[in-house]
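Everything on this sheet refers to the single structure shown next.
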Amino acid sequence: MKKVSLRINGKEYASEIEPRLLLVSFIRDICGLTGTHIGCDTSNCGACTVIMDGKSVKSCTVLAAQAVGKEITTIEGLAKGEELHPIQRAFWEHHGLQCGYCTPGMIMQALWYLKLNPSPTEQEVRESLSGNLCRCTGYQNIVDSVLAAAKYIRNGDQAR
């Protein structure tokens with residue numbers, strides 16, 4: 001067992017863990033932040049995407065012990081109180097979800113990508129989301145949501 005402390009959404013979480021515990025399991029099982037989903041356990045689906053030190057990572061590929069000293073943001077860390085982050089609001093307004101299982105990972109990937117490219121084209125959004133799978137929507141509404149979020153953010157409509 002190994003004692004670790006992780007900073008997630010601005011809060012410290014400490015626990016004694018098995019060294020092989022995955023970050024996604026730490027987030028869900030120890031922190032109780034269940035918005036980060038486990039989809040495939042092979043890094044193919046992207047449902048577990050979080051932001052770690054400003055980079056998009058699939059938390060099923062990172063050991064919790066590797067995240068010590070890093071700043072981690074999950075879907076729960078985006079809203080400011082009851083006010084949705086512009087990306088969350090765009091997904092809601094533009095119907096970028098159906099069952100919602102992939103949505104947190106899609107939103108976190110979009111958050112990271114829009115920091116790199118605040119004015120993406122439709123094709124660039126599609127390429128940026130290519131590591132995240134959705135089995136329900138056909139992607140058009142997800143792409144429309146990311147493009148709308150980019151516009152909201154460019155216009156200064158930011159919850160964070």
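Readers should treat all values here as calculations from the given coordinates under stated rules, not as data from a laboratory. What you are looking at is a predicted structure, and each value in this text was computed from that prediction instead of being measured. So basically every Cβ, Gly included, is an ideal-geometry build from the backbone, and we count neighbours across all protein chains shown.
Could we say that Glu82 is surrounded by fewer than 17 Cβ atoms within 10 Å (Cβ to Cβ) and free of Cβ contacts under 8 Å to residues at least 40 places away in the same chain here? Judged against the criteria, Glu82 is a match.
Can you give me the number of residues within the stretch 40-81 that are assigned to a loop (DSSP other than H, G, I, E, B) and either under 17 Å from Trp112 (Cβ atoms) or not polar (S, T, N, Q) (or both)?
Residues of the stretch 40-81 assigned to a loop (DSSP other than H, G, I, E, B): 40-48, 53-54, 59-62, 68-70, 74, 78-79, 81.
Filter once more, keeping what is either under 17 Å from Trp112 (Cβ atoms) or not polar (S, T, N, Q) (or both): 40-41, 43, 45-48, 53-54, 59-62, 68-70, 74, 78-79, 81.
Of the residues in that region, 20 qualify.
Among the residues of the stretch 85-110, those identified as assigned to a loop (DSSP other than H, G, I, E, B) and surrounded by fewer than 23 Cβ atoms within 10 Å (Cβ to Cβ) are His85, His94, His95, Leu97, Gln98, Cys99, Gly100, Tyr101. If you go through the stretch 118-147 and keep only what is within 18 Å of Gln88 (Cβ to Cβ), small (Gly, Ala, Ser) and touching a residue at least 40 places away in the same chain (Cβ under 8 Å), you end up with just Ser145.
Looking across the stretch 6-52, the residues that are in contact with a Gly (Cβ under 6 Å, 6 or more places away or on another chain) and of a type in the set (S, T, N, Q) come down to Asn9, Thr49. Each residue in the stretch 39-65 was checked for being closer than 19 Å to Lys11 by Cβ and of a type in the set (S, T, N, Q), and 1 of them qualify.
Please work out if Ile8 is under 30 Å from Asp157 (Cα atoms) and aliphatic (A, V, I, L, M). For Ile8, the condition - under 30 Å from Asp157 (Cα atoms) and aliphatic (A, V, I, L, M) - is met.
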